[in-house]
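What follows is a short report on a single structure.
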Amino acid sequence: MALKDELKTLRERAEAKRPPEIVATMRRAVDELRASGAPGRVLKAGDPAPHFALPDGNERIVDSQTLLAHGPLVVTFYRGRW
């Protein structure tokens, strides 16, 4: 099965477990993101990330430049609870 087909199946299964109004809200949010042009501004693999300061898992502010001074940096984003 092609990846596109697998992702479609996964999405359909996930949506079937949610109330229709939640699915509609999620789809509307995705449509709004697409319409905003955001996908065209996404960093590509290998692009340098802009400087940032964000809270870590313990709510302490972490500065990317400080971390980069110690070597390569990997950043993971968690979507949180929806």
With the requirement that a residue be within 30 Å of P72 (Cα to Cα) and either of a type in the set (S, T, Y) or in a helix (DSSP H, G or I) (or both), what does segment 1-60 give you?
A38, P39, G40, R41
Taking segment 64-80 and keeping residues surrounded by 10 or more Cβ atoms within 10 Å (Cβ to Cβ) and in a loop (DSSP other than H, G, I, E, B) leaves L73, V75
If I go through segment 29-63 residue by residue, how many of them are surrounded by 10 or more Cβ atoms within 10 Å (Cβ to Cβ) and not hydrophobic (A, V, I, L, M, F, W, C)?
5
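Quick note: the coordinates plus some simple rules give every number you see, no bench work behind them. Not measured: the values here are computed from a predicted model. Using ideal geometry, Cβ is built from the backbone for each residue, glycine included, and neighbour counts are taken over all protein chains shown.
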